[in-house]
Amino acid sequence: IGDSRSILVKMDASQNFSVIPISEDHKPEEPKESERILSKGGLIEPCKDDPNGPKRVWVKGENFPGMCISRTIGDEVLKKVGVSDEPEITENKIDNETAFIVSASDGIWEFLPNEEVMDIVKPYFYKGDVEGACKGLIDKATECWKEDTTERDDISCVIYFFKSF
């Protein structure tokens, strides 16, 4: 739910890595998300003072809540205008090629694409240093935020290594 994301990383016998997205971002501008919100009377547009900013969900005729996600837990006001608390559930096979999974908040994904996250985690994976992988990923995301803006979104992650060296 929301704008957190998870990726599964596989490593073949030749130690080539590949990323498999195992969740979808729940942004209001995504077609199936916007269809639901608009059909329930919600409004999707950026903040009036930041027309180039991210699209947000609003209650028509109101200046609230302006949420950048289309699914969330516990927001009763937005539920009335199509924001959902229903999770998307997927199944993915964990096999001998599964190396690691990264689940992280949007503060990680804002500036770091899936492949770059994989590349940041890989050296730690080889060392079996999952704490270092989390710290390295958080440090890189923090650095990206500082380069772009004085603000910063939440930055958190959970990483699970399936293999060890």
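Out of the residues in the range 19-45 that are open to solvent by less than 30 Å² (accessible area, probe 1.4 Å) and over 30 Å from Val121 (Cβ atoms), state the one that is farthest from the chain's Cα centre (by Cα).
My answer is Gly41.
Output the number of residues of the range 105-116 satisfying the condition of being in contact with a Phe, Trp or Tyr (Cβ under 8 Å, 6 or more places away or on another chain) and open to solvent by less than 60 Å² (accessible area, probe 1.4 Å).
Filtering the range 105-116 for residues in contact with a Phe, Trp or Tyr (Cβ under 8 Å, 6 or more places away or on another chain) gives 107, 110-111.
Going one step further and asking which of them are open to solvent by less than 60 Å² (accessible area, probe 1.4 Å), we end up with 107.
So the answer is 1.
On the given criteria, is Val102 of a type outside the set (S, T, N, Q), open to solvent by less than 20 Å² (accessible area, probe 1.4 Å) and part of a strand (DSSP E or B)?
yes
Could you list, in sequence order, all residues of the range 1-52 that are free of Cβ contacts under 8 Å to residues at least 60 places away in the same chain, in a loop (DSSP other than H, G, I, E, B), under 21 Å from Val81 (Cα atoms) and out of contact with any helix residue (DSSP H, G or I) (no Cβ under 7 Å at 6 or more places or on another chain)?
Within the range 1-52, Glu29, Glu30, Lys40, Gly41, Pro46, Cys47, Lys48 qualify.
Here are some conditions: (1) within 30 Å of Gly41 (Cβ to Cβ); (2) open to solvent by less than 30 Å² (accessible area, probe 1.4 Å). Phe125 meets all but one. Which one does it not meet?
(1)
Which one is surrounded by the fewest Cβ atoms within 10 Å (Cβ to Cβ) among residues in the range 128-158 that are at pLDDT 95 or above and of a type in the set (Lys, Arg)?
Lys135
Yes/no matrix, rows are residues, columns are (1) out of contact with any strand residue (DSSP E or B) (no Cβ under 8 Å at 6 or more places or on another chain); (2) without any contact (Cβ under 8 Å) to a residue 24 or more places away in the chain; (3) assigned to a helix (DSSP H, G or I):
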{"site": "Gly107", "(1), (2), (3)": "yes, no, yes"}
{"site": "Gly132", "(1), (2), (3)": "yes, yes, yes"}
{"site": "Lys135", "(1), (2), (3)": "yes, yes, yes"}
{"site": "Asp139", "(1), (2), (3)": "yes, yes, yes"}
{"site": "Asp154", "(1), (2), (3)": "yes, no, no"}
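Can you find a residue in the range 54-74 that is in contact (Cβ under 8 Å) with a residue 60 or more places away in the chain, touching a strand residue (DSSP E or B) at 6+ places or on another chain (Cβ under 6 Å) and hydroxyl-bearing (Ser, Thr, Tyr)?
no
What is the residue count in the range 58-91 for residues that are closer than 21 Å to Glu24 by Cβ and open to solvent by less than 70 Å² (accessible area, probe 1.4 Å)?
Narrowing the range 58-91 to residues closer than 21 Å to Glu24 by Cβ: 67-75, 78-79, 81-91.
Next, from what is left, pick out any that are open to solvent by less than 70 Å² (accessible area, probe 1.4 Å): 67-72, 74-75, 78, 81-85, 87-88.
Number satisfying all stated conditions: 16.
Within the range 1-18, restricting attention to residues that are open to solvent by 30 Å² or more (accessible area, probe 1.4 Å) and in contact with a Pro (Cβ under 8 Å, 6 or more places away or on another chain), which residue is modelled with the lowest pLDDT?
Ile1
Does the range 53-89 hold any residues that are among the aliphatic types (A, V, I, L, M), within 30 Å of Asp148 (Cα to Cα) and in a loop (DSSP other than H, G, I, E, B), and which are they?
Ile69, Ile73, Val83
The values are calculated or read from the model by the stated rules, or taken from the named source; none is laboratory data. Since the structure is predicted, the reported quantities are computational estimates derived from the model, not experimental observations. As a convention, Cβ positions derive from the backbone with ideal geometry for all residues, glycine included, and neighbour counts pool all protein chains shown. Note: areas computed on protein heavy atoms with side chains; ligands, DNA, RNA excluded. Shrake-Rupley method; radii C 1.70, N 1.55, O 1.52, S 1.80 Å.
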